[in-house]
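**Q** One structure, as structure tokens, below. Some questions next.
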Amino acid sequence: MIQGFLVHLVLVVIYLALTGDVSFVNIVFGVAIAYGVMLVFDGATQQANSYSRRILGLAAFSVYFVRILIIANLEVAREILTPGYQMTPRLLRYNVAGMTDLQITWLANAITLTPGTLSVDLDPETDCLYIHAMYGDDRDALVAGLDELKTRLLKGVFGQ
């Protein structure tokens, strides 16, 4: 991934040097052209875990994560603005066996960044992440949402 990024950066610098224009629009255009060149190269070599596929996966995960952030923010805002108490807090033990420390850290941070959820603790003996959720009345739906987040994170960010 780092080698691909460095090649991408070198292609952008070469493009900027050839055009002689270092404006924002030209930089964006250079990044797009360099990405296209790398996409064609990756297609020609048919690499399974190529840089261009990883970038597309990261972009797809980013769109998904922004979507769940907006939904979670709206849920918390609704809770604040409406009278009454609709929260059903729950402490959940979520299995993270088979994940590396870096992957667990990314998952825990993604959970904590989402309003209404918080990564509380990691038990290394049982490979379980303890998560507090504001809306945990349906445990199966909560676990399904966490499974989707974990799957998209592993696929989009880590290419698995």
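**Q** Explain nothing, just the number: dipole magnitude of region 88-160 about its Cα centre with +1 on each Lys and Arg Cβ and -1 on each Asp and Glu Cβ, in debye rounded to the nearest 20.
**A** Numbers: 6 positive and 10 negative charges, 47 e Å.
Using only the charged Cβ atoms, the result is roughly 220 debye.
**Q** Continuing with the same structure: Could you tell me what percent of the accessible area of region 86-129 is made up of carbon and sulfur, with a 1.4 Å probe and every protein chain present? Could the numbers behind the result be given before it?
**A** Details: 1440 of 2580 Å².
Looking at region 86-129 in its full context, I get 56 percent from C and S.
**Q** Keeping every protein chain present and rolling a 1.4 Å probe, give me the accessible area per residue for region 11-104 in Å². Intermediate values should be presented prior to the final figure.
**A** Numbers: 6220 Å² over 94 residues.
Heavy-atom SASA per residue in region 11-104 reads 66 Å².
**Q** Mind ranking 150-159, 82-91 by how tightly packed they are, going by the mean number of other C-beta atoms within 10 angstrom, highest first?
**A** Ranked by mean Cβ neighbours within 10 Å, highest first: 150-159, 82-91.
**Q** Which log10 I(q)/I(0) values, to two decimals, does the chain give at q = 0.09, 0.13 Å⁻¹ under the Debye formula with one point per Cα?
**A** For the requested q values the scattering log ratios are -0.45, -0.76.
**Q** Turning to a different aspect of this structure: So for the chain, averaging the separation of alpha carbon pairs under 8 Å that are six or more residues apart and normalising by length, what relative contact order in percent results?
**A** Numbers: 146 pairs, mean separation 36.4, N = 160.
Relative contact order of the chain: 23 percent.
**Q** Something else now. Suppose every Lys and Arg Cβ carries +1 and every Asp and Glu Cβ carries -1, with no other charges. What dipole size does the chain come out with about its Cα centre, to the nearest 20 debye?
**A** Values: 10 positive and 14 negative charges, 82 e Å.
Dipole magnitude for the chain comes out near 400 debye.
**Q** Can you give the relative contact order of region 53-139 as a percent, counting alpha carbon pairs under 8 Å and 6+ residues apart? It would help to have the intermediate numbers written out before the result.
**A** On the way: 91 pairs, mean separation 28.3, N = 87.
Across region 53-139, relative contact order equals 32 percent.
The values are calculated or read from the model by the stated rules, or taken from the named source; none is laboratory data. Bear in mind that the values here come from a model prediction, so they are computed numbers and not experimental data. So basically every Cβ, Gly included, is an ideal-geometry build from the backbone, and we count neighbours across all protein chains shown. Surface accessibility is based on the protein's heavy atoms, side chains included, excluding ligands, DNA and RNA. Shrake-Rupley method; radii C 1.70, N 1.55, O 1.52, S 1.80 Å.
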